[in-house]
Amino acid sequence: MSNPHPDAGQEARRMRTVTWVIALATLGLVFDGYDLVVYGAVVSTFLRDPSQIGAVTPAMAGMLGSYMLFGVMVGALAAGTVGDLLGRRKVILASYAWFSIGMALTGMTRDGTTFGWLRFFTGMGVGSLVATTAALVAEYAPKGKKNLINAITNGGIPLGSLLSALIAILLMDKIGWRGMFWIGALPLVTLLPLAYFKMPESIAWLAARGRMDEARAMSERTGVPMPELAVATAGQAQPSGHDKTGFAGLFTAHYLFPTLILGLMSATGLVLVYSLNTWLPELMLRAGFNAKGSLSFLLVLNGGSLFGALLASRFADRFGPKPVVAATFTIGAVALILLTLGLPLAALLCIVAIVGLGTSGTQTLIYGFVANYYRTNVRAAGVAWCAGFGRLGGIAGPMLGSLLISAGIALDSIFYVLAGIGLFGVLLTLLVPMARSAANR
C-alpha cells in the first residue's frame with residue numbers, strides 16, 4: 001500500500017531530531033537561567049554576613065550582580081560572529097563547559113574581587129549559549145510553531161530561575177551559598193556528554209555556508225528534509241550586502257534600523273528582568289516579609305514568566321510577535337503599578353506572577369521575535385546583538401536597584417520607575433519595521 005507522505009522512517013528520524021534539539025536546548029537554558037539568577041537568591045546572605053566573601057554593601061552588591069552581565073554581553077557578541085562562522089553546535093558545546101567550570105570555581109571563592117571576576121568569566125559562557133541556542137532552535141523549529149518552540153526552549157531560563165529560588169528555599173540552609181553555585185556546574189558531567197552525541201549541527205547553516213554535501217548528509221542522518229530548511233536561505237533576493245555573514249550583514253542598510261531598535265528593546269526588557277531578579281527578594285525583606293517569604297516572590301515571578309510566555313507565544317504564532325510583545329510590556333507595566341496598592345498577600349503573589357509575564361516572559365518573546373526576524377547568514381549575529389547589546393540593560397538593572405535602594409527611595413516609587421521602563425519598551429516595540437525575513441513566516 002503506497003504512502004502519499006514522505007518515508008515513514010525519515011519522518012520518525014525528523015521527529016526524534018527535533019525533539020532532541022528542543023529538549024537539549026531547553027535543558028541548557030534551564031542551567032543558564034539558574035546561573036543567571038542564583039546570585040539574587042544568595043545576595044541577602046552576602047549583605048548580612050561579611051564572613052562569606054567580605055563586607056558587601058548594597059552598592060557593591062549591585063556591581064557584583066552586573067559583573068556576570070558584562071561577561072554575558074562579551075560572550076553573546078563574540079558568539080554572534082563565531083556562531084555564524086563556525087557553526088551552532090561547536091559554540092553550544094563549548095558554552096556548556098565554560099559556564100559549568102565558572103560556576104564550580106565561583107563556589108570556591110573567599111573574597112569579593114575573585115567572586116566578581118569569576119562571575120564575569122561565567123557570564124561569557126552563558127551569553128554565548130543564549131545567542132547560539134536561539135539560532136539553532138529557529139532553524140529546526142517547525143514552520144508555524146516557531147514562536148511556541150522558542151517559548152518552550154527559552155522558557156528554560158525562567159524555569160532555571162524558578163528552580164534556583166526553590167532550591168534556595170529548600171536547601172540553602174543545608175548546602176550554603178557555595179552549594180548553590182556547585183549545582184550550577186552539573187552540566188559539565190551531565191548535559192555536555194549528552195549533547196555531544198545528540199545535538200546536530202544546523203542544516204540551514206551548513207547550506208548557507210555552501211557546504212551542501214555535509215548538509216545533505218546531515219539531512220539524511222536526522223530525517224530533516226533539505227527543502228524544509230532551505231527556505232531559510234533560498235529565494236531571498238535581498239538588497240546589496242545580502243550575502244554578508246554575521247555582524248557584517250547585520251549592519252547593512254537593509255537591517256540597520258531594525259537592528260538598533262531590537263537591541264534597545266532587548267536592553268529595556270533586561271533592565272526589568274535583572275533589576276527584579278536581583279533585588280525583588282531584598283525589596284520584599286524590606287517590606288516586612290521573612291527570608292523564605294521574600295524568596296517565594298522570586299519563585300512566583302519566574303513561574304509567571306515561564307507559563308505566561310508559553311501562553312503568549314501561541315498568540316505570537318497566530319498574530320505575529322510584534323503586537324504580542326507590545327501587549328506583554330504593557331501588562332508588565334500595569335502589574336508593577338498594582339504592586340503599590342497594598343493588596344493582600346494572595347493578590348500580591350498573583351500580580352507578581354503577571355509581572356513575570358511582562359518582564360522575563362516578554363524577554364523570551366523578544367528572543368523568538370529576533371531569531372525569526374533575520375535570515376540564516378546573520379541569525380546568530382542578530383540574536384547575539386540583542387543578547388549582547390541588550391545586556392547593557394541587564395548590567396544597568398542590578399545597578400539601578402542598588403542606586404534606588406541606597407538613595408532611600410520608597411518601595412512604591414521604585415515600582416513606578418520600573419513601570420515607566422516597561423512603557424518605554426512598548427514604544428520601542430511599535431517602532432520595529434515589518435519582518436525582513438519572509439523565509440521564516
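Values for this structure:
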{"item": "Segment Phe424-Ala248, extension gain: residue separation times 0.36 nm, minus the distance between their alpha carbons", "result": "60.5 nm"}
{"item": "Rounded to the nearest 20 debye, dipole of the chain from Cβ charges on Lys, Arg, Asp, Glu", "result": "520"}
{"item": "Pairs of lysine residues in region 8-440 - Cα separation under 29 Å, sequence separation of 8 or more or cross-chain", "result": "16"}
{"item": "Debye intensity ratio I(q)/I(0), log10, the chain, q values 0.10 Å⁻¹ (C-alpha model)", "result": "-0.64"}
{"item": "Packing-based ranking, highest mean first, of 121-132, 33-44 given that Cβ atoms within 10 Å are counted", "result": "121-132, 33-44"}
{"item": "Degrees, to the nearest 10: 291-319 long Cα axis against longest axis of the chain", "result": "30"}
{"item": "Net lengthening on full extension, Arg110/Thr57 (0.36 nm per residue, minus Cα-Cα)", "result": "17.4 nm"}
{"item": "Highest-first arrangement of 341-353, 261-273, 411-423, where packing means the average Cβ count within 10 Å", "result": "261-273, 411-423, 341-353"}
{"item": "Packing-based ranking, highest mean first, of 278-289, 81-92 given that Cβ atoms within 10 Å are counted", "result": "81-92, 278-289"}
{"item": "Value at 222 nm in deg cm²/dmol, rounded to 500, when DSSP H runs of n ≥ 4 in the chain each add -39,500 (n - 2.57)", "result": "-26000 deg cm²/dmol"}
{"item": "Full-stretch length increase - Leu310, Leu260 - with 0.36 nm per residue and alpha-carbon distance subtracted", "result": "15.3 nm"}
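Read-outs: derived from the displayed coordinates by stated rules, not from any lab. A quick note: this is a predicted structure, and the numbers were derived from the prediction, not measured. Ideal geometry is used to build each Cβ from the backbone, glycine not excepted, and the neighbour counts take in all protein chains shown.
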